[in-house]
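One structure is given here, and the rest of the page talks about it.
Nothing in this text is a laboratory measurement; each read-out follows from the coordinates by a stated rule. Remember, it's a predicted structure, so these values are computed and weren't measured experimentally. With ideal geometry, Cβ positions are generated from the backbone for all residues, glycine too; neighbour counts draw on all protein chains shown.
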Amino acid sequence: MKYVSRNKTIARVDNGLISQYNAEINYWKNVLKKIVAVVKFLASRGLGIRGDDEILGSQNNGNYLGCLKLISEFDPFLADHIQNYGNRGKGSTSYLSANICNEFINIIGKKVSTTIISEINGAKYYSISVDSTPDLSHIDQLTFIVRFVKDGKPIERFLLFLPIEEHKAQYMADTVLNFLENLKIQMKNCRGQSYDNAANMAGKYSGLQVKIKEQCKFAIFVPCAAHSLNLVGVQAVGCVSEAVAYFQFVQKLFNFFSSSNNRWKILKECLGGQKVLKSLSETRWSARTDAINALHNGYDHIFEALLLIAKNTDQSAETRNEAQSIAKKWKNWRPLS
């Protein structure tokens with residue numbers, strides 16, 4: 001660059017080389033602008049980026065190359081670049097490979113994290129919420145969320161998925177504290193913490209919330225209201241044997257119809273556009289309302305579907321017997337009023 005600067009003030013024979021050099025810089029800048037735009041678009045919407053291959057023109061090359069190819073249909077510059085540099089393989093500079101895509105994802109991710117951390121420290125006081133769940137590769141990941149106030153409005157930001165190896169309270173506390181320390185977010189400014197009601201998280205003597213309070217006594221613990229209400233519903237129903245049997249029947253009814261496309265089709269035809277049966281949810285008690293409403297509103301039509309299946313000789317003997325058995329039990333239940 002010093003070489004270029006010196007030649008700006010002196011007329012030289014090699015000025016043509018300088019012009020060519022600048023033109024090449026501008027060319028690759030233009031390419032990178034389009035690549036960054038595609039990466040930002042996909043990342044901001046949580047869309048998958050890579051596919052099964054990295055061949056331009058392939059139907060399985062993923063959203064990243066697919067979007068670049070789509071844009072090239074309306075952008076002659078990008079179309080020429082893909083034509084000249086696409087599918088050249090390793091060792092050739094094109095800025096279309098997965099490596100440059102991943103590099104930009106990391107750069108953008110660091111910039112977003114830096115901005116969020118700056119906002120948190122600017123607000124000074126914050127609260128945390130963490131929960132863990134295993135992903136498809138069976139790696140348990142701790143979701144870390146921070147809430148704070150900015151310009152008088154509550155802001156909630158997701159920071160990171162943290163891989164964890166166990167769920168003991170002390171281990172979880174060390175993970176949270178080390179994470180905040182690495183981000184240079186001061187624990188003394190924490191004013192709230194919220195988790196589910198598991199003993200390792202909410203335990204009043206040795207749970208995570210106690211470990212955090214030992215570091216900052218002002219970090220008030222607020223249990224997850226949705227999880228608390230769900231536990232109330234589960235425990236309340238568990239105390240009534242009739243209710244337990246009722247919900248078991250509702251789930252059995254759903255399993256019977258949903259396990260066969262043909263039976264599900266018969267059910268939908270009998271319901272005639274009404275809401276179909278719903279599966280029960282173990283984690284969201286309110287979802288059971290939808291299941292009961294569907295059962296209540298389609299009571300007669302569901303019974304009709306059971307009878308049709310029980311009398312249909314095209315069905316297997318096992319299916320007909322199961323439908324007949326459920327239909328007999330059905331008479332013991334009455335629609336909710």
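For region 260-268, backbone phi angles converted through the Karplus equation (6.51, -1.76, 1.60; θ = phi - 60°) give residue-by-residue couplings of 9, 5, 5, 5, 5, 5, 4, 4, 5 Hz, Gly and Pro being listed as x.
Computed from phi, the 3J(HN,Hα) profile of region 230-235 under the Karplus parametrisation 6.51, -1.76, 1.60 (θ = phi - 60°) reads 4, 5, 4, x, 4, 5 Hz, with x in place of Gly and Pro. Backbone amide hydrogens, once placed in the peptide plane, bring LEU160 within less than 5 Å of PHE144, excluding anything fewer than 5 places away on its chain. Sorting TYR125, TYR95, TYR64 by the number of Cβ atoms found within 10 Å of their own Cβ, with the fewest placed first, yields TYR125, TYR95, TYR64. Listed values for region 142-150 are Karplus-derived 3J(HN,Hα) couplings in whole Hz (6.51 cos²θ - 1.76 cosθ + 1.60, θ = phi - 60°), namely 8, 7, 10, 10, 10, 10, 7, 10, 9, and x replaces Gly and Pro. Taking 7 Å steps out from each Cα toward its Cβ at THR114 and THR143 produces label points 2.8 nm apart. To the nearest ten degrees, helix 287-297 and the longest principal axis of the Cα atoms of the chain are 50 degrees apart.
Along the axis of the charge dipole computed for the chain (Cβ charges of +1 for Lys and Arg, -1 for Asp and Glu, origin at the Cα centre), the listed residues ASN61, PHE303, ILE145 are led at the positive end by ILE145. Among the GluC sites (Glu not before Pro) found in region 141-213, those both in a DSSP coil and sparsely packed, with 16 or fewer other Cβ atoms within 10 Å of their Cβ, are GLU165, GLU166. In terms of packing, defined here as the mean over residues of other Cβ atoms within 10 angstrom, the peptides 301-309, 97-105, 227-235 line up highest first as 301-309, 97-105, 227-235.
Go ahead and run the numbers for FRET between LEU231 and ASN255, Cβ-Cβ distance against an R0 of 30 Å, rounding to 0.05. E between LEU231 and ASN255, to the nearest 0.05, is 0.75. Computed extension gain for VAL244 through GLN83, at 0.36 nm per residue and net of the alpha carbon distance, reaches 51.5 nm. First check a/c for region 151-215, with a ≥ b ≥ c the square roots of the eigenvalues of its C-alpha gyration tensor; if it is under 1.5, answer rounded, and if not, answer prolate when a/b is larger than b/c or oblate otherwise. Prolate, since a/c reaches 1.5 and a/b exceeds b/c. Applying a DSSP loop filter and a limit of 11 other Cβ atoms within 10 Å to the GluC sites (Glu not before Pro) in region 238-298 leaves GLU282. Amide H contacts of VAL149 (H built 1.01 Å from N, in plane; Pro and chain starts excluded): ILE155 sit under 5 Å, all sequence-distant by 5 or more or on other chains. A simple count of charges around ALA123, restricted to other residues whose Cβ falls under 13 Å of its Cβ and scoring Lys, Arg +1 and Asp, Glu -1, yields +3. With R₀ fixed at 35 Å, the C-beta to C-beta distance from GLN20 to ALA43 puts the FRET efficiency at about 0.50. Amide H contacts of TYR195 (H built 1.01 Å from N, in plane; Pro and chain starts excluded): VAL222, CYS224 sit under 5 Å, all sequence-distant by 5 or more or on other chains.
Each listed q (0.10, 0.14, 0.18 Å⁻¹) maps to a log10 I(q)/I(0) for region 239-337 from the Debye sum over equal C-alpha point scatterers, namely -0.25, -0.50, -0.83. Between the Cα long axis of helix 241-258 and the first principal axis of the chain there is an angle of about 60°, rounded to the nearest 10.
Computed from the alpha carbon atoms alone, the convex hull of region 183-314 holds 165 Å³ per residue. The helix-only estimate of mean residue ellipticity at 222 nm for the chain, built from DSSP H runs of length n ≥ 4 each weighted as -39500 (n - 2.57), is -18000 deg cm²/dmol after division by the residue total. Of all DSSP beta bridges confined to the chain, the antiparallel ones make up roughly 75%.
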